[in-house]
Structures are given as structure tokens and as C-alpha cells.
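J.: Take this structure first; my questions come after.
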There are 2 protein chains.
Amino acid sequence: MKFESLKGFRDFLPEEMAARREIFDRVENVVRKFGFREIDLPSMEKMELFEVKSGEELVDQTYSFEDKGERKVTLIPEQTPSRARVLASEKSLNQPVKWYSTSKRWRYEQTQKGRLREFYQTDVDIFGADSVEADAEIIAVLVETMRELDVEDAVEVLINDRNLVEEVLGKEGIQDKREVMEVIDDREKMSRKEFLGELEDIGLDRGKAESVEEIVCISGPLSEKLRELERLVSGDAEEELERMKELKGLLEGYGVLGTVKLDMSIVRGLDYYTGLVFEVFDKKGELRAICGGGRYDELVELFGGEEVPAVGFAIGDAVIEELMRREGVWPEEKLKTDVYVLPVSKSVRTETTEIVNDLRDEDLVVETDLKDRNVSAQLNYANSIGAEKVIIVGERDLEEGKVTVKDMESGEEKLISLEEVVEKVK
Amino acid sequence: MKFESLKGFRDFLPEEMAARREIFDRVENVVRKFGFREIDLPSMEKMELFEVKSGEELVDQTYSFEDKGERKVTLIPEQTPSRARVLASEKSLNQPVKWYSTSKRWRYEQTQKGRLREFYQTDVDIFGADSVEADAEIIAVLVETMRELDVEDAVEVLINDRNLVEEVLGKEGIQDKREVMEVIDDREKMSRKEFLGELEDIGLDRGKAESVEEIVCISGPLSEKLRELERLVSGDAEEELERMKELKGLLEGYGVLGTVKLDMSIVRGLDYYTGLVFEVFDKKGELRAICGGGRYDELVELFGGEEVPAVGFAIGDAVIEELMRREGVWPEEKLKTDVYVLPVSKSVRTETTEIVNDLRDEDLVVETDLKDRNVSAQLNYANSIGAEKVIIVGERDLEEGKVTVKDMESGEEKLISLEEVVEKVK
């Protein structure tokens, strides 16, 4: 009988896992410097937790089932609802609460490039701060992350403010802002004609539809586009423009402004965003969005807590891997081993074990023969695990209290006394 | 509306997570030194994968359900079947294959002390080596792990060899070895009388039942108990005794023999073990088994592969946490922050952001105000996140190109010039 893994689920063997671990480490090192703290929440929650925020449609795309105690449960597709659950019940947390977590998430949907059924995701959130400083910190940590992954130049971070969009739409005399925003959210998939048609379908006249189109086409460097917007709204939306300007100043201070663009078409369909929204795109436009996020000040309340403002983002491992591979910056990790200790015969086992043990005590990664192999088979194995040095333990050398140390890169061999070998090798 | 997490699932907030991360890091540092490599396999597999090894009864204790594509799937309760699946299909792996993984597992069973529905488990295996050296390495890495967790003195590692048990039972003229082993496996829960009764129930006469009882009572230091066994079997079971003696020598070489005992009652019920078996117990006998493992040379074949000998163990996070807490060695982690940069007013934001940014560039963990708070509220927050230093950025100091650096432990404050502050603080 042959067994296969489920479609959309991945096996990571050591070299692939080492690459992934390297990526996670880089991301986490950045977020830790910003003062985010690691948390971990359940992989499974009651299904109702996801219905609150997402409605039934999205729950349909999750792994949801009835457990043996007849509870409806869901494998988490994202961690935000769980975080909201915790925040709604833990009243004593010192705000701002800055959390990150890299863990697995699941979605039941058609698998395709960049879309898997099981994936890793890093969630980064600030809870309890509605300030523009918090917005800036979230964008700064995101850009820094892209920098650490060597893809800053390959991406752009498109930001927007939903309040600003609403103000500008209002200024244009548009009432059904929410409906218009939904159309804007779908714009990417439409031609200009289709876009205008959709806007007319929801009741905008041609002139207003064209105004909306003009607005959502605003996309470019923050300073420049802010001036453009100011002219467009002439005196309105002051508060929103002021906040955006402050954001610009802070991003400049963080040294990340160059990677950030204002793009009025970014609204992020999900209704729960309340201010800043952003997405990270591959500049070449070949890949799905790499990351998305924004401000969602009303979410925790929805889960029965007090109002807790929040801003954050989530980044999955699938699309960023595609991007990094395309850019040639995905880490190709090989197995590495500090020392392989090679017993020439069974008779030198005791000495071999002692050397192995002493070297591991020095925190070196050490392997030895577990298969009673001959010298050349052992050297092949040592090579396959990337051993830097091989210590050859032979009977005759041992009689003189010595072992041979072979440098696997240079091929150089040296006789070293047993007493000195640990000191010399480490 | 109030939401709760599912029973048997845990939320880990930052301090608890930091403790857990510390534990995982210690465990993984040990296993890495032994040359084990990290892998990661799916959290979900086809249910049939678990039926092969465990039968339907155990599958009943898992989270198994039908997915939306009508596949019967299971959230993994352990990683061994998945590992066997990979080994059965990946023919090109360089043996020995030494794998570890710390990840989540799920079981649907009554929650109680030490038994949760979601838990972390570290699996450590050597595949492709049937040698006693591999057995020794597995026990050595396990004892080293207990040492790193500061519980070596609180536990004992009870080892046995199922082949040895079978030989000894054979010597006593017992035919139904498997049935007898099942009774032995349940012995812990029985009185002596019940144990003898059960053996008689499966057809042993009183004399043989008492012989079995005598055998399973053999428990103690390896050298001593080996001599006892040798007398008992007088000339039989030579191969098994020889292997156990070699194991003893190797464990001595690894410096772990003192923590290991031979215990003939350890057979580990699951049928698939083929030689060495072991369990780690709390010496005080208050807790469940902390860890279990052994050799299972026939498992990979069962999954459609070639024969691949295997030896390994799994250790969950729940019981070890109980033990470490009882022994007072569970790490109580507090939030730590290198620097909190405190803007006295909104007007010094730009300079604050720059200092924050420069310090983070030096890989320091740095936080700043995100809530427009006054000085004393900020100092309270800095305290709550364990800030070592606070840099106070005030308008007047800034006019002289200076900031105040406060050491939070000593309370000492110093005026330092802006140019020097990063250098001085790091």
C-alpha cells in the first residue's frame, strides 16, 4: 500500500526546513526589535468565532467540522479572531499590546500557485493604540521585514486610508460609500469600462463614476499624491490628510518612505478595516499580494470586549517564497555538521563515544557511525551531511594516544593527541 | 457575546510563550548537537495513515472528520506515521536519517492533568540504523535533554528490550508471549494478585505466572540487573544480553548510565516496537510518563516502503511542564526590552523616531510611545515591559543636542549627546 499526503499540504525535509527556519528567524528578529512579543493561540476554535467577523461565506472556505462532542469547530484560517477573543476577556493587559506569532493556518480552497491548504503565517499586531505612530510602526516593521528578506527593491507597499477615501467620495457627492468601496476593491479584475459600468449599476451617474475612477487612479509617491489630493478636496478631509502627512513624516524618520506609495484603489474589501489599509505587491505584478493589513479599531468590541484599537498585518509563507525564488534570494540551505567522528573499527567504540561526547559538550554538532560502516562509506556520509572536520579514530593511532583530524574542505590531515583534540577542533 | 476557547486548548500570552520557547530551544539545542535535523510535516493526513498502525480504536481518539471533498482526514496525534509515509516514498535519503520536529499534535480525549486536546510534541528519530550505537544515541540525547531541562535528578529512564523479554519468557516455557506482554503492559494498574490472576486467565499455570512476575520485577541499575538476568537464563538469550551489555558500555561513554535503569516490566503495549523500549518516569511517581520510545524496525515497511530500521522517542510539553514546575525549574520569563525611548512631547517625534530607528539598527529591542502618553504613564509602561534603559527626549535637552538616559535598575540618569547616545546605550 502506498500513502500520499493531502493535496495542498507540504512535507519539509531538512534542507527545505532549514531554509524556512532561516526565513522565519529573519522575520522574527525584525519584529522582536520593534518590541513585538511572541504568543501562541489554539489551532482550532469554535466555529462561531469566525462567523462573527467573516460571515458564513468565508467560513465555507475553512476546515470546519463537528467534533466528537458535537461542537462545531474550525481550524483557524487566520489568528485575528482568536486574538480578539483573548483581548475581549483579558482586561489586565498593559497596552499597547504588541504581538506576533508564526504558525500554521488552514483554508479549504482550490490549491494553486501561492494558495495552499496548509500554510505558515506571521501575524503582527498592535492593540490598544489608535495613534498614527502605531500606524507608522506597523508599516516600518513591514518594510524592515522585506529588507531583511532581500526583497525590498522588488516590492512596493501600497497604503491608503479608508476614512480618506470616504471623505473624498463624500466630497464628490457620493452617498453609498460602502457599495462604491466594494466595487473599488474588485477593480483590479476589471477593465476600465467594466469598472465604470459596475459603478453605474449601483446608481452612480457617468460623471460621478468617472470621478471615482479618477480618485482610485491616484497612485504614487506619498508627498506628491498628498498634494494632488489636497487640490482635489480643496479644504475638506483635513483631519485625514493631516494624519497621512504625519504618517509620511514618521515613515521618513524610519527610513522606509521610499518603499511606500499612496494608492487610492487599495481599500481591502473586508468590512472591518477602519482607517489605514495597505498591501504589499510584487513590482512586476506577477504574483498575488504578498502581505496585507490595516487598522481595525472595532474588531475587539465585536467579540464582546471593550473598544480596543488595533493595527496589524499578516504575511504567509507561500507567495514570499515564490518572490524570493524568482529574485534569486531564497536561502539554499545545505546540511551542516561541525565534526564527524569516524571509528575505523568496532574496537575503538569507547574512545569514539568519549570524543563525540566531549565535542557535543562544547556545543558542536557532531555525528558518528551508527551503521557499522567501513571508512570510505563513513567518509561519504560525512560529506553528505556537510561535515567540516572528520576525526578518524584508528587502533594504531590510539596506541600512541592520537587521532587523525581531516579538514574536509582542504583535505589536509593532522595527527593530534587525544588530550588536545577537543581544544584543537573547537 | 462572549467567546471562549475550546476545552483542552491553550492560549499562550507573551510571558508563558517565552517560557515555552525557552524549553523548546533547550531541547532543540541538545538534539541539534547530536546531528538531528529539523523537519516539518503536515498537521493533517488521510485517516487511513493512522489506521495502518494504530487500528480503529486509537483513531477514535483523534480529531478525524470528512473534509469538504469527502476525504476522511485526521489531525495528527503523532508524527511517526507521517515520517514513515515520507520514508516509504523518498528512496534517495542518505541514511541514517536523523530527524526532529517540535510541533502541535491533537487528540480527542477527556482532558485532565497532563492530557490536553492540543499539545506540543518533540519527535526525535533515527531511521536506517539498526545498531546498538543508534539505540545508545537515542537514550543519550534523551538523558541530555532531561539534563538541560534541569530534571535529570528527578527522573529515571527505564529501559528494556522486548526481544530479551521474549527470550526470557521462552526460557520459562511460555508460548503466548504476545498475550503475556499485553498483561505485563497493564501491570502498573494492577495489584500483584490481579496480575497473577490475569496471567492465569490467559492460560499460564500458577508457577509460570509467578515466574513472569519474578521477571517483570527485575528493575535496577543496568550492570547489576544484567548479571541477575544472566543467572536466570543461564546461557540463553546470549545475543540480547550481549546487545544490552554493549548498550551499557556506550551509555557509560556518553556519561548517562547513572540515569538509566533496566526495568523488565517496560514493554510498551503498542505492538510495533521490535527491540529497545524505554519510558521516562518522575522518580516520585506522581506524574504520567514524561516520554516514551523505542525501536520500531518494521514500521516503514508497513507503510509500503522497504525495511527501514528506526529508533526514537516523543516528548510532549504538558507533563514535562508539570514536572519542571513541581521541581521549581520552570523558567519564569518576564518581558525584556533593551530601551524605551520616551518623547516628552509630540514636538520631538522626529528625533525620537530617528533614535528608535538607529537603536533597532543595532539589533536592540526598542519600544517607544504609541499612545501619546505623559511622562509618568510612559515610565510605567517602560517598567511593565522590563525596559533596561529609558532615553528621555525633551525639547530643552534637544536644544543643546542632548537626551537623558535613565538606567531603570539603578535609577541613575545621565545627559548624553545625540551623536553618542546609540554608541553609549548599546
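J.: For A:G207, state whether it is free of Cβ contacts under 8 Å to residues at least 24 places away in the same chain, within 14 Å of chain B (Cβ to nearest Cβ) and not charged (D, E, K, R). Walk me through how you get there before you give the answer.
T.: Values: free of Cβ contacts under 8 Å to residues at least 24 places away in the same chain: yes; within 14 Å of chain B (Cβ to nearest Cβ): no; not charged (D, E, K, R): yes.
The answer is no for A:G207.
J.: Can A:M146 be described as closer than 30 Å to A:G8 by Cα, aliphatic (A, V, I, L, M) and crowded, with 19+ Cβ neighbours inside 10 Å?
T.: Here the answer is yes, as A:M146 does meet what is asked.
J.: Which of the residues that make up region A:41-51 are of a type in the set (D, E) and either at the interface with another protein chain (Cβ under 9 Å from one of its Cβ atoms) or closer than 27 Å to B:P77 by Cα (or both)?
T.: Once the filter is applied, which keeps residues that are of a type in the set (D, E) and either at the interface with another protein chain (Cβ under 9 Å from one of its Cβ atoms) or closer than 27 Å to B:P77 by Cα (or both), region A:41-51 yields A:E45, A:E48.
J.: Moving on. Residue by residue through region A:367-426, note down the ones that are part of a helix (DSSP H, G or I) and acidic (D, E).
T.: Result: A:E395, A:D397, A:E399, A:E419, A:E420, A:E423.
J.: Go through region B:362-399 and count every residue that is among the charged types (D, E, K, R) and out of contact with any strand residue (DSSP E or B) (no Cβ under 8 Å at 6 or more places or on another chain). Break it down stepwise before answering.
T.: Let us first name the residues in region B:362-399 that are among the charged types (D, E, K, R), namely B:362-363, B:367, B:369, B:371-373, B:388-389, B:395-397, B:399.
Narrowing the set further to residues that are out of contact with any strand residue (DSSP E or B) (no Cβ under 8 Å at 6 or more places or on another chain) leaves B:362-363, B:371-373, B:395-396, B:399.
The number of residues fulfilling the criteria is 8.
J.: If you take the residues in region B:362-406 that are under 38 Å from the mean Cα position of the chain (by Cα) and either more than 10 Å from every other protein chain (Cβ to nearest Cβ) or among the charged types (D, E, K, R) (or both), which one is nearest to A:E28 (Cα to Cα)?
T.: Per the criteria, the residue is B:D363.
J.: Among the residues of region A:96-119, what is the count of those that are at the interface with chain B (Cβ under 9 Å from one of its Cβ atoms) and in contact with a helix residue (DSSP H, G or I) (Cβ under 8 Å, 6 or more places away or on another chain)?
T.: Number of matching residues: 3.
J.: Testing A:L359 on (1) under 36 Å from the mean Cα position of the chain (by Cα); (2) not in a strand (DSSP E or B), one condition comes back false. Which one is that?
T.: With (1) under 36 Å from the mean Cα position of the chain (by Cα); (2) not in a strand (DSSP E or B) applied to A:L359, the lone miss is (1).
J.: Against the condition in the same structural domain as B:V277 (by TED's automatic domain parsing), surrounded by 16 or more Cβ atoms within 10 Å (Cβ to Cβ) and touching a strand residue (DSSP E or B) at 6+ places or on another chain (Cβ under 7 Å), how does B:R105 come out, does it pass? Quick ask: steps written out before the conclusion?
T.: Details: in the same structural domain as B:V277 (by TED's automatic domain parsing): yes; surrounded by 16 or more Cβ atoms within 10 Å (Cβ to Cβ): yes; touching a strand residue (DSSP E or B) at 6+ places or on another chain (Cβ under 7 Å): yes.
Yes.
J.: Can you name the number of the only condition in (1) surrounded by 15 or more Cβ atoms within 10 Å (Cβ to Cβ); (2) touching a residue at least 40 places away in the same chain (Cβ under 8 Å); (3) within 22 Å of B:R32 (Cβ to Cβ) that A:R360 fails?
T.: (2)
J.: I want to confirm something. Restricting to region B:70-90 and keeping residues that are more than 25 Å from the chain's Cα centre (by Cα) and more than 8 Å from every other protein chain (Cβ to nearest Cβ), which single residue is surrounded by the fewest Cβ atoms within 10 Å (Cβ to Cβ)?
T.: Residue satisfying both the conditions and the ranking: B:E70.
J.: Taking B:E351 and the conditions (1) without any contact (Cβ under 8 Å) to a residue 60 or more places away in the chain; (2) part of a helix (DSSP H, G or I), which numbered condition does it fall short on, given that it satisfies the others?
T.: Single failed check for B:E351: (1).
J.: Among the numbered conditions (1) in a helix (DSSP H, G or I); (2) at pLDDT 95 or above; (3) not aliphatic (A, V, I, L, M), tell me where A:W330 comes up short.
T.: Among (1) in a helix (DSSP H, G or I); (2) at pLDDT 95 or above; (3) not aliphatic (A, V, I, L, M), the lone unmet condition for A:W330 is (1).
J.: Name the residue, out of A:E306, A:E246, A:E238, that is among the acidic types (D, E) and away from chain B (no Cβ under 14 Å).
T.: Details: A:E306 fails: away from chain B (no Cβ under 14 Å); A:E246 fails: away from chain B (no Cβ under 14 Å).
Only one candidate qualifies: A:E238.
J.: Of everything in region A:339-357 that's within 9 Å of another protein chain (Cβ to nearest Cβ) and charged (D, E, K, R), which residue is surrounded by the most Cβ atoms within 10 Å (Cβ to Cβ)?
T.: It comes out as A:R349.
J.: Now a separate question. Could you please find all residues in region A:201-231 being farther than 25 Å from B:E351 by Cβ, among the hydrophobic types (A, V, I, L, M, F, W, C) and surrounded by 17 or more Cβ atoms within 10 Å (Cβ to Cβ)?
T.: A:L204, A:A209, A:V212, A:I215, A:V216, A:I218, A:L229
J.: Let me ask something else about it. Kindly establish whether A:E409 is within 14 Å of another protein chain (Cβ to nearest Cβ) and either in contact with an Asp or Glu (Cβ under 8 Å, 6 or more places away or on another chain) or touching a residue at least 24 places away in the same chain (Cβ under 8 Å) (or both).
T.: Taking the combined requirement at face value, the residue does not satisfy it.
J.: Among B:L262, B:L251, which is part of a strand (DSSP E or B), in the same structural domain as B:A318 (by TED's automatic domain parsing) and modelled with pLDDT of 95 or more?
T.: So the residue among B:L262, B:L251 that is part of a strand (DSSP E or B), in the same structural domain as B:A318 (by TED's automatic domain parsing) and modelled with pLDDT of 95 or more is B:L262.
J.: Here is a further query. Go through region A:240-251 and give me each residue that's in contact with a helix residue (DSSP H, G or I) (Cβ under 8 Å, 6 or more places away or on another chain) and either farther than 26 Å from B:E351 by Cβ or acidic (D, E) (or both).
T.: A:E240, A:E246 - these are the residues of region A:240-251 that are in contact with a helix residue (DSSP H, G or I) (Cβ under 8 Å, 6 or more places away or on another chain) and either farther than 26 Å from B:E351 by Cβ or acidic (D, E) (or both).
J.: With the condition kept exactly as written, say whether any residue in region A:185-196 is in contact with a Gly (Cβ under 6 Å, 6 or more places away or on another chain), in a helix (DSSP H, G or I) and at pLDDT below 95.
T.: Looking for residues that are in contact with a Gly (Cβ under 6 Å, 6 or more places away or on another chain), in a helix (DSSP H, G or I) and at pLDDT below 95, one finds at least one in region A:185-196, hence yes.
J.: Inspect region B:280-294 for any residue being within 11 Å of another protein chain (Cβ to nearest Cβ) and of a type in the set (A, V, I, L, M) and give the result as yes or no.
T.: For region B:280-294, residues within 11 Å of another protein chain (Cβ to nearest Cβ) and of a type in the set (A, V, I, L, M): absent.
J.: Another question, if that's okay. If you go through region A:265-277, how many residues are part of a loop (DSSP other than H, G, I, E, B) and surrounded by 22 or more Cβ atoms within 10 Å (Cβ to Cβ)?
T.: Number of matching residues: 3.
J.: Then there is this: Is it true that B:E118 is closer than 25 Å to B:R105 by Cα and either in contact with a strand residue (DSSP E or B) (Cβ under 6 Å, 6 or more places away or on another chain) or buried (at least 24 other Cβ atoms within 10 Å of the Cβ) (or both)?
T.: So B:E118 passes the test.
J.: Could we say that A:E38 is buried (at least 18 other Cβ atoms within 10 Å of the Cβ), within 9 Å of chain B (Cβ to nearest Cβ) and of a type in the set (D, E) here?
T.: It is true that A:E38 is buried (at least 18 other Cβ atoms within 10 Å of the Cβ), within 9 Å of chain B (Cβ to nearest Cβ) and of a type in the set (D, E).
J.: Still on this structure, I have one more. Is it true that A:V280 is at pLDDT below 95, buried (at least 23 other Cβ atoms within 10 Å of the Cβ) and among the aliphatic types (A, V, I, L, M)?
T.: No.
J.: Take the residues in region B:1-17 that are at the interface with chain A (Cβ under 7 Å from one of its Cβ atoms) and assigned to a helix (DSSP H, G or I), then tell me which one is surrounded by the fewest Cβ atoms within 10 Å (Cβ to Cβ).
T.: Going through the qualifying residues, I end up with B:M17.
J.: Also: The conditions are (1) in contact (Cβ under 8 Å) with a residue 40 or more places away in the chain; (2) among the basic types (K, R); (3) closer than 18 Å to A:T274 by Cα, and A:R187 fails exactly one of them. Which is it?
T.: Unmet condition: (3).
J.: Also, quick follow-up: Looking at (1) at pLDDT below 95; (2) surrounded by fewer than 19 Cβ atoms within 10 Å (Cβ to Cβ); (3) within 24 Å of B:F12 (Cβ to Cβ), find the lone condition where A:F24 falls short.
T.: (1)
J.: What's the number of the condition B:S265 fails, among (1) closer than 20 Å to B:D161 by Cα; (2) of a type outside the set (A, V, I, L, M); (3) within 15 Å of the chain's Cα centre (by Cα)?
T.: With respect to (1) closer than 20 Å to B:D161 by Cα; (2) of a type outside the set (A, V, I, L, M); (3) within 15 Å of the chain's Cα centre (by Cα), B:S265 is out only on (3).
The values are calculated or read from the model by the stated rules, or taken from the named source; none is laboratory data. Quantities reported herein were computed from a predicted structural model and do not represent experimental measurements. FYI the Cβ positions are ideal-geometry reconstructions off the backbone, even for glycines, and counts take in every protein chain you see.
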